[in-house]
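As structure tokens, the structure follows; a few thoughts come after it.
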Amino acid sequence: MTNRTLARPTAPIVSPIACGNSASEQRGSGSQAQREPVVTPQIRNVLREDLLQEAIANDSRRGKNACQDLVAMLAVAACLTLPARGVAQVRIDPMAATVAQAFTMIDRDFVRLADAMPAEKYPFKPTNGEFKDVRTFAEQVKHVACSNFAFFNEVEKKEPPARCDTGGPSPAKTKAELMTYLRESFAYAGRVLRMMTPANALEPAGGPYGGMNTRLGLATLAVWHASDHYGQLVVYLRMNGIVPPASQPVPSR
């Protein structure tokens, strides 16, 4: 695995925020003037405006010395959110990137499709036609999530979850639970896929899902599998009057 090296910032953040004097203090008022923070565009570009305004409001209520605290807090936040040049990137082998590109596309489209089906329609399955013993929409989503874990467990030469054909061991049932399970499965699969290299791609790997194969073979099988079930669920969605998000026309600008 490539080591990550944090580089020093190429230039210091000079006075992104300062404590200025209020108008009353500038006029020489005898009262204790409140010191107001002066926030530059540099800070506003990296911090959410609502959080920034809340911090400034809290500062004004706390009184003396609070502005200095706010300066320190925002300066640290700016340093953490501004990108540092020269940070080492994790290199993905071109071979893995080629497969990952297709997997990322089905990840995006499948998750959007699953999210487009209303929760009350998750128990739906077609009945008008040759649809005997087909899975419900929820069962399809769960099957794909379980299979993603299974294929890439096998790529890592780990024990895959049992019986993904009937849903596997996950207790997920509701739409919210299944969506979380689905997203986690694609995220895990993507991480494993991006670690593949020409040196390990053709190593023997496999198990109950896909039989004896290679790491690369299992990865491409996972792309095919999710794409196959995506096509099935497009029918489920359209039978409920919903156009899959990937098929919706792009609004003209």
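The values are calculated or read from the model by the stated rules, or taken from the named source; none is laboratory data. What you see is a predicted model; the values in this text were computed from it and never measured. Cβ sites come from the backbone with ideal geometry, for glycine too, and all protein chains shown count toward neighbours.
Does the range 193-201 include one or more residues that are free of Cβ contacts under 8 Å to residues at least 12 places away in the same chain and part of a loop (DSSP other than H, G, I, E, B)? So far as the range 193-201 goes, yes, one or more of its residues are free of Cβ contacts under 8 Å to residues at least 12 places away in the same chain and part of a loop (DSSP other than H, G, I, E, B).
Against the condition closer than 27 Å to Gly207 by Cβ, assigned to a helix (DSSP H, G or I), assigned by TED's automatic domain parsing to the domain that holds Arg215 and in contact with a Cys (Cβ under 8 Å, 6 or more places away or on another chain), how does Ala150 come out, does it pass? Answer is yes for this residue.
If you go through the range 93-107 and keep only what is over 14 Å from Leu216 (Cβ atoms) and either buried (at least 16 other Cβ atoms within 10 Å of the Cβ) or touching a residue at least 24 places away in the same chain (Cβ under 8 Å) (or both), you end up with Thr104, Ile106, Asp107.
How many residues, within the range 220-253, are assigned to a helix (DSSP H, G or I) and of a type in the set (Val, Ile, Thr)? Steps first, answer last, please.
Going residue by residue through the range 220-253, those that are assigned to a helix (DSSP H, G or I) are 220-239, 245-247.
In the following step, the residues that additionally are of a type in the set (Val, Ile, Thr) were identified as 220, 223, 234-235.
Result for the range 220-253: 4.
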